[in-house]
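I have placed the structure first, in the form of structure tokens, so that the comments after it can refer back to it.
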Amino acid sequence: MFMTLVVMMDETSTLQEGKRKRGHVAMDLDSQLLNLRSDDETIHPLMDAQLEETSFDTAAGVSASSLTTAELQQHWRAVKQEIRSVKLHFQIPSTRTIEHTTSRYVVYQIIVIRSGSYDCKQVAIERRYSDFLHLHNELLQDFNEELEDVILPKKRLMGNFSEENITERRVTLCDYLTQLYSLRYIRRSPAFLAFFTQPELKTAYDLLRGGQYSHALEVLQNALVLQEKLCSHDSSLLVPTLCALFVCQRDLEDFHGAFQTGNRALPAVRRYGLCRYRSPLLEAMVDIGYKLQNPVAQLQEELIRIQNSPHVPEPLMSIKELVVQEFT
């Protein structure tokens, strides 16, 4: 009898110790997830939503305390593998000299590369030295102290078109972009982001307003690749471009593509409270969903709830009307 009691007490102690260990691991997991959110580095585009799903699954779907230590460690390894910090590198691999009747200038081809894995989406943009100078002057207005040690190569009065000077400037301008990106507040500033995408976006919206949807779609897709790399800290910045893509795909009758693009935009629209986009996007997606015979009951319920809300913006515009207002 005494030996049986001792064995039962030992088993109880072992079970309690196991629960304590699992509890500690669960707390460590939650702490690590929290640390990911507060980390200074940016998170891969669209991974932010996956991180939220991971948090919800851990907290609500399956209690962390009900998992074994091995299961929690395996789960955490998967999370760390899927959610990685994104660092960008800049390259200026080539230049072009453009000659007009009254002017001659050099344009520099810029490529933004995501490190940490093979970057299969590489888009090249072209900028003149005057574009770099404009960026620097814009940044000086808000970040004068931060830019004390960041030097933009000076404009040359002579020899701008010699091969030696062009090669040297390619290197120094690439270093300049790298230095800017290393400063957190600058790499997230509107001026820095606009330098890489605004000219192309303006071209795309002009094409869209002119009904040239195929050409606009191509330009928007390239701009989106850059935005996904540069704006991974704030997915709301991608919403206008995604909505413009949605309009192009819909008007080109690529309904499957449009519906997928709408589904990419909706999480950020909801999360960041972008009310002016939410109702028009939902309405357009419900319409396309019926064409595709997709289940749209939840989207329709969300749309009705928003339309009946006293805070709905007036007047309501279509998604296309919203899009064509950009860059006007």
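Among the conditions (1) without any contact (Cβ under 8 Å) to a residue 12 or more places away in the chain; (2) in contact with a Phe, Trp or Tyr (Cβ under 8 Å, 6 or more places away or on another chain), G210 misses just one, which is (2).
Are any of the residues in region 164-180 over 21 Å from I98 (Cα atoms), of a type in the set (A, V, I, L, M, F, W, C) and in contact (Cβ under 8 Å) with a residue 60 or more places away in the chain? Checked region 164-180: at least one residue is over 21 Å from I98 (Cα atoms), of a type in the set (A, V, I, L, M, F, W, C) and in contact (Cβ under 8 Å) with a residue 60 or more places away in the chain. Scan region 250-262 residue by residue and report those that are in a helix (DSSP H, G or I) and out of contact with any Leu (no Cβ under 7 Å at 6 or more places or on another chain). Selection gives R250, D251, G257, A258, Q260. Got at least one residue in region 188-208 being part of a loop (DSSP other than H, G, I, E, B) and at pLDDT 95 or above? Scanning region 188-208 turns up at least one residue that is part of a loop (DSSP other than H, G, I, E, B) and at pLDDT 95 or above.
The residues listed here are V296, V269; of these, the one that is among the aliphatic types (A, V, I, L, M) and over 19 Å from V239 (Cβ atoms) is V296. Scan region 100-110 for residues that are surrounded by fewer than 16 Cβ atoms within 10 Å (Cβ to Cβ) and either in contact with a strand residue (DSSP E or B) (Cβ under 9 Å, 6 or more places away or on another chain) or on the phi > 0 side of the Ramachandran plot (or both) and jot them down. Answer for region 100-110, where residues must be surrounded by fewer than 16 Cβ atoms within 10 Å (Cβ to Cβ) and either in contact with a strand residue (DSSP E or B) (Cβ under 9 Å, 6 or more places away or on another chain) or on the phi > 0 side of the Ramachandran plot (or both): R104, Y105, Q109.
Looking across I166, I113, one residue alone is in contact with a strand residue (DSSP E or B) (Cβ under 9 Å, 6 or more places away or on another chain) and either closer than 18 Å to E228 by Cα or in the same structural domain as T203 (by the TED database) (or both). It is I113. Within region 110-134, being assigned to a loop (DSSP other than H, G, I, E, B) and either under 16 Å from R170 (Cβ atoms) or of a type in the set (S, T, Y) (or both) holds for S115, S117, Y118. All conditions but one from (1) of a type outside the set (V, I, T); (2) surrounded by fewer than 18 Cβ atoms within 10 Å (Cβ to Cβ); (3) assigned to a helix (DSSP H, G or I) apply to N294; the one that does not is (3).
Each residue in region 272-294 was checked for being farther than 12 Å from S318 by Cα and within 22 Å of the chain's Cα centre (by Cα), and 4 of them qualify.
The values are calculated or read from the model by the stated rules, or taken from the named source; none is laboratory data. What you are looking at is a predicted structure, and each value in this text was computed from that prediction instead of being measured. Methodologically, a virtual Cβ is constructed for each residue, glycine included, from the backbone with ideal geometry; neighbour enumeration extends over all protein chains shown.
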